[in-house]
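Colleague: Got a structure here, written out as structure tokens. Questions coming.
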Amino acid sequence: MIQQLQARLAKIQEELGNETVEASVGGGAVSVVMTGHQKVQSVKIAPEVVDPEDVPMLEDLVVAAVNEAVEKSRELVNRRLGALTGGMKIPGLM
């Protein structure tokens, strides 16, 4: 049974590398796509928010979008692993 659980866990972990979440902030001004392994795949910035006079605002939007994407990625991992563990919290897995 442990081997089956390990095999299913390995499969889920592999699949998470192929699954993505997207986070968008500022009314779509900045969007980030991230995998279930929490690797950023892309960042899109709307041209109208690129203001050389207000770089800190753009930086804040990028940080907010990345943080939101990380949270969505964690939720994806928790959902996928929760299906495997039946909702039990297993230290080191979630």
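Colleague: Going by the structure shown, is Val30 modelled with pLDDT under 95, out of contact with any His (no Cβ under 7 Å at 6 or more places or on another chain) and hydrophobic (A, V, I, L, M, F, W, C)? Working first, answer last.
Modeller: Working: modelled with pLDDT under 95: no; out of contact with any His (no Cβ under 7 Å at 6 or more places or on another chain): yes; hydrophobic (A, V, I, L, M, F, W, C): yes.
No.
Colleague: Follow-up. Output the residue which, of all residues in segment 37-58 that are more than 29 Å from Arg80 (Cβ to Cβ) and charged (D, E, K, R), is surrounded by the most Cβ atoms within 10 Å (Cβ to Cβ).
Modeller: Result: Asp54.
Colleague: Considering every residue within segment 75-88, establish whether at least one is under 22 Å from Glu15 (Cβ atoms), among the acidic types (Asp, Glu) and part of a helix (DSSP H, G or I). It would help to see each step written out before you state the result.
Modeller: Here is the first cut: in segment 75-88, the residues under 22 Å from Glu15 (Cβ atoms) are 75-88.
Next, only the ones that are among the acidic types (Asp, Glu) stay: 75.
Cutting the leftovers down to part of a helix (DSSP H, G or I) gives us 75.
There is at least one residue in segment 75-88 that is under 22 Å from Glu15 (Cβ atoms), among the acidic types (Asp, Glu) and part of a helix (DSSP H, G or I).
Colleague: Would you tally the residues in segment 13-65 being free of Cβ contacts under 8 Å to residues at least 40 places away in the same chain, part of a helix (DSSP H, G or I) and of a type in the set (Gly, Ala, Ser)?
Modeller: Result for segment 13-65: 2.
Conditions tested, residue by residue: (1) charged (D, E, K, R); (2) at pLDDT 95 or above; (3) surrounded by fewer than 16 Cβ atoms within 10 Å (Cβ to Cβ).
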| position | (1), (2), (3) |
| --- | --- |
| Gln3 | no, no, yes |
| Val25 | no, yes, no |
| Thr35 | no, yes, no |
| Asp60 | yes, yes, yes |
| Asn78 | no, no, yes |
| Ile90 | no, no, yes |
| Leu93 | no, no, yes |
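The values are calculated or read from the model by the stated rules, or taken from the named source; none is laboratory data. In this text, all values refer to a predicted model and were calculated from it rather than measured experimentally. Cβ sites come from the backbone with ideal geometry, for glycine too, and all protein chains shown count toward neighbours.
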